[in-house]
Amino acid sequence: MDRLIYTALTGMNSAMDRQRAVANNLANSSTPGFRREVFAVTPATLKDGSIEARALARGSVRGADMSQAETNPTGRPLDIAVRGESLIAFQAPGGGEIYSRRGDLKVAPTGMLENGEGLPVLGESGAPITVPAGFRISIAEDGTLLAADPAAPGEAAQALDKIKLVSPEGSALVKGIDSFLVVSGGGVLPADPTARVTSGALEKSNVQTAATLVEMIDAQRAFEQRARIIQTAGQLDEAGSRLLSMN
């Protein structure tokens, strides 16, 4: 009977983890550039020579759905939507590079170019991009940052730096709990010289709200079914004990 209980318990744990992943997707349905987390459950059996009548369940987030989402114009010159499969490189809070397609950029009071979560945008050299105070900033199609001096309207805008746009092709990426992508095992992605962006627009999240709500209901029902299995196992155990006591 304990085998049945532990089998159902692992299924409950996987259903709970699935609910967490689905809830995170739903919470980020309006986050620009968010990539839906993909959850998968795999069976885990013990190879001891006996009959494998039951298999434990092991569930985890396997990666991110990298399919492109709809792009909406915003009119803000620092908003960018990345075309194709390229990613924007940001500086992680603890150092190193993390990647996303979230392009709602802004200039912080310190002059550093950041995204909507306050993460510094990296330039071609791998260092955070800083912007001179008072300059009008625009972003070219290849990610080049252009700065125009309002005091000299007749002068052409000067190139400050270039946003580091990278290619994920051929690299194994994993998604952290902060919803950003990193290279599996460490390392950085190579720059993509062919990457292009659309300024004045943002890419939406690729989470489909209606489908995600259905997933959440399905995960909740799966959890309840496994809870009923444990309850049934307890009832069978009690019935067996009563039969033994009659003898």
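The values are calculated or read from the model by the stated rules, or taken from the named source; none is laboratory data. Model, not experiment: these values are computed from the prediction. Quick note on the areas: whole protein, heavy atoms, side chains included, nothing else; ligands and nucleic acids left out. Shrake-Rupley method; radii C 1.70, N 1.55, O 1.52, S 1.80 Å.
A few comments on the model shown:
- Restricting the calculation to Cα atoms, every distinct pair contributes to the Kirkwood radius of region 111-247, found to be 20.5 Å.
- Sorted largest first, extent of the chain alpha carbons per principal axis (Å): 103, 35, 29
- Shown for the chain: lysine pairs separated by 8 or more places, or found on different chains, whose C-alpha atoms are under 30 Å apart, numbering 9.
- Axis angle, to the nearest 10 degrees, between helix 2-27 and the longest C-alpha principal axis of the chain: 20 degrees.
- When the convex hull of its Cα atoms is projected in every direction, mean area for region 87-183 (nm²): 6.7 nm²
- Mean shadow area of region 178-247, taken as a quarter of the surface of its Cα convex hull (nm²): 10.4 nm²
- Computed [θ] at 222 nm, helices only, for the chain once each DSSP H run of length n ≥ 4 contributes -39500 (n - 2.57): -9500 deg cm²/dmol
- Accessible surface area normalised per residue over the chain is 56 Å², counting heavy atoms of protein chains with a 1.4 Å rolling probe.
- The long axis of helix 209-246 is offset from the longest Cα principal axis of the chain by roughly 20 degrees.
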